[in-house]
Amino acid sequence: MWIPHINNYQIPERTGLTGCNQDDMAQFTQSDAGVSNSTGQAEENCEDSTSMTRNLSYGYSRPRHKENLCFIKYKSNGEVERYKARLVAKGFNQREGIDFEETFSPVAKMVTVRIVITLVINSGWSLFQLDINNAFLYGNLDEDVYMVQPQGYHSKGDVRVCKLLKSLYGLKQAPRKWNERLCSALFEFGFKQSLNDYSLFMYSTDKCVVFLLVYVDDIILTGNDVLEITKVKSFLKSHFLIKELGKLKFFLGIEVIDVKNGVCLTQRKYCLELLHEFGMLACKPVKTPLEVNLVANCSENDELLLNITEFQKLIGKLIYLTITRPDIAYVVQTLSQFMHSPRKSHLDIAFRLLRFLKQSPGKGIKIQKIDCLDLKGYVDADWAKCLSTRRSVTGYMVYLGGSLVSWRSKKQDTVSRSSTESEYRALGSVACEITWILKVLFDLGKKELIPVNIFCDNESAIKLALNTVFHEKTKHFELDVHFIREKVSKGILKIEKIQSEHHIADILTKALPFPQHDYLCQQMGLIDPFQDKLRCKAVSRGKDVDIEGLFVTSSKA
């Protein structure tokens with residue numbers, strides 16, 4: 001639909017070239033010869049234009065030339081997968097209440113992803129991955145959004161603009177509109193949406209169950225009936241352009257590697273790219289992420305960093321790396337507190353952390369198959385850890401069937417007057433997390449998991465949770481007391497004592513020496529499948545490899 005140009009109206013449109021050079025443009029762009037005389041669709045290598053034509057994203061006349069936003073998509077091993085070209089709208093010019101209303105779109109929580117993978121491994125199901133081609137182009141727009149004609153689409157002096165019939169990449173409401181379209185299609189098939197994670201969908205009959213997880217345009221599909229899963233795939237293909245990626249191998253930068261008796265979730269490629277970006281690929285590795293007894297603070301004698309953007313970029317990347325590396329969670333949460341005013345000492349700690357990652361960039365979480373699928377948690381707190389605010393640090397871990405599915409290291413919101421109070425607040429945090437995980441597992445058909453054992457090394461906090469007596473020193477944190485006692489009295493939680501030297505959650509609250517740190521990493525189930533393969537190959541060739549994989553020596557020497 002073509003309409004006259006509207007003066008003084010901010011029209012969203014964006015064209016440009018990103019991520020490729022002029023030589024690559026031959027794989028992206030097209031001229032008049034590349035356009036069909038009958039349909040006006042682009043060649044296959046410009047799939048975004050074809051999708052917009054297929055979905056009638058906007059009304060337009062026959063194009064003569066087109067210049068798109070271009071980028072390159074890579075595989076998990078770093079090889080080029082394909083070149084892509086895309087027309088993107090200037091969403092930053094949109095005005096709320098006129099061009100868009102709501103923009104929020106739910107995505108799968110990583111805890112839910114780990115829970116689903118754990119259930120799949122222990123049930124022996126198949127785990128598939130799907131990708132929606134040009135997902136945002138399927139959304140139906142409720143608002144009137146206008147876009148100027150892309151360069152090369154109009155004649156000189158033509159002031160007409162096009163009205164978008166469907167969403168386009170770059171629009172603020174595009175993710176939400178796509179999610180609404182996908183949900184309506186899944187509801188049509190018979191899926192039900194989980195109320196505890198809106199990106200989780202369940203489909204069940206008398207004999208089969210199918211679970212579907214959505215992260216924007218990436219879909220994880222599993223169930224106990226392969227035939228029913230095939231029906232779901234066929235149904236989605238009838239509504240969208242689906243790319244079947246087969247068995248789950250690479251998801252959101254996370255590699256899923258088959259190991260003995262399970263799988264390993266690792267971000268090796270992401271970690272190596274991080275080391276390369278900050279020039280640390282050839283650095284000398286260290287064995288621990290942080291020096292023992294070192295506490296980061298803001299000293300007046302410490303020099304402020306002039307360029308805080310690079311520091312913030314580094315910490316942001318490290319936060320994403322904690323998806324599979326709980327062993328660096330404490331250091332990352334400590335550094336993230338100084339993102340707006342970092343000092344030189346904070347940068348030194350960050351680069352020491354990169355040296356620690358250099359030791360084993362392929363390390364990740366092992367999700368293993370065991371006979372007993374139970375739920376348990378470990379919780380710890382370090383009292384008055386922060387030297388500036390004197391707040392304590394909470395650390396907890398939650399295991400499902402012996403596999404780590406959830407963890408957190410965070411500074412508490414308020415100051416605790418005693419170590420018992422800080423431990424009790426930490427108990428409240430892990431109780432909330434376990435309560436939510438139980439609800440997600442209930443949606444997934446796992447109901448016989450209570451009581452859940454929580455291990456704590458503070459005897460006073462344990463007695464406070466078990467005895468219905470209010471003390472003079474506990475009346476100011478009454479809500480946490482009631483919450484924990486309610487869960488314990490209902491039989492949902494069971495708090496038990498654990499020795500401090502065997503407490504796994506210690507790694508989330510303080511810096512530890514190498515022997516203790518390495519022991520707790522093994523207890524968490526962290527492995528490096530790449531070093532294990534290297535060691536096996538070296539042994540088969542009559543060589544020995546040290547633990548860090550830094551050098552190879554002959555066993556005959």
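FYI, it's all coordinate maths here, none of it is from the lab. Everything quoted here is computed from the prediction, not taken from an experiment. Here Cβ is always computed from backbone atoms with ideal geometry, including for glycine, and neighbour counts include all displayed protein chains.
Only bridges with both residues in the stretch 375-533 count here: give the DSSP antiparallel percent, nearest 5. Here the share of antiparallel DSSP bridges comes out near 65 percent.
Tally Lys/Arg at +1 and Asp/Glu at -1 over every other residue whose Cβ is under 12 Å from the Cβ of THR112; what's the total? Charge balance in the 12 Å sphere: +1.
The residues neighbouring SER123, those whose beta-carbon lies less than 14 Å from its own, together hold a net charge of 0 under the Lys/Arg +1, Asp/Glu -1 convention. When the charge dipole of the stretch 210-359 is built from unit charges on Cβ atoms (+1 for Lys and Arg, -1 for Asp and Glu) and taken about the Cα centre, the candidate among LEU294, VAL232, GLN312 whose Cα reaches farthest toward its positive end is VAL232. The GluC sites (Glu not before Pro) of the stretch 371-477 that meet both conditions, a loop assignment by DSSP and at most 13 other Cβ atoms within 10 Å of the site Cβ, are GLU448, GLU472.
Mind checking the dipole of the stretch 221-364: about its Cα centre, +1 per Lys or Arg Cβ, -1 per Asp or Glu Cβ, Debye to the nearest 20? Walk me through the numbers before you get to the answer.
Details: 20 positive and 14 negative charges, 113 e Å.
Result for the stretch 221-364 is approximately 540 debye, rounded to the nearest 20.
Using the Cβ atoms and a cut-off under 10 Å, what net charge is assigned to the surroundings of ASP197, where Lys and Arg are +1 and Asp and Glu are -1? Intermediate results must be reported in sequence, preceding the final value.
Numbers: positive: LYS109, LYS439; negative: ASP443.
Every neighbour counted, the sum reads +1.
Dipole magnitude for the stretch 149-232: computed about the Cα centre from +1 point charges on Lys and Arg Cβ and -1 point charges on Asp and Glu Cβ, it is near 620 debye.
FRET efficiency for the pair LYS497 and ASP206, taken as 1/(1 + (r/R0)^6) with r the Cβ-Cβ distance and R0 = 41 Å, rounds to 0.35. Of the residues CYS386, GLN368, PRO451, the one whose Cα sits farthest towards the positive end of the charge dipole of the stretch 342-472 is CYS386 (charges of +1 on Lys and Arg Cβ, -1 on Asp and Glu Cβ, taken about the Cα centre).
Restriction of the trypsin sites (Lys or Arg not before Pro) in the stretch 238-275 to DSSP coil positions whose beta-carbon has at most 16 other beta-carbons within 10 angstrom yields LYS249, LYS260. A Cβ-based charge dipole, computed about the Cα centre of the stretch 286-426 with Lys and Arg at +1 and Asp and Glu at -1, lands at about 340 debye.
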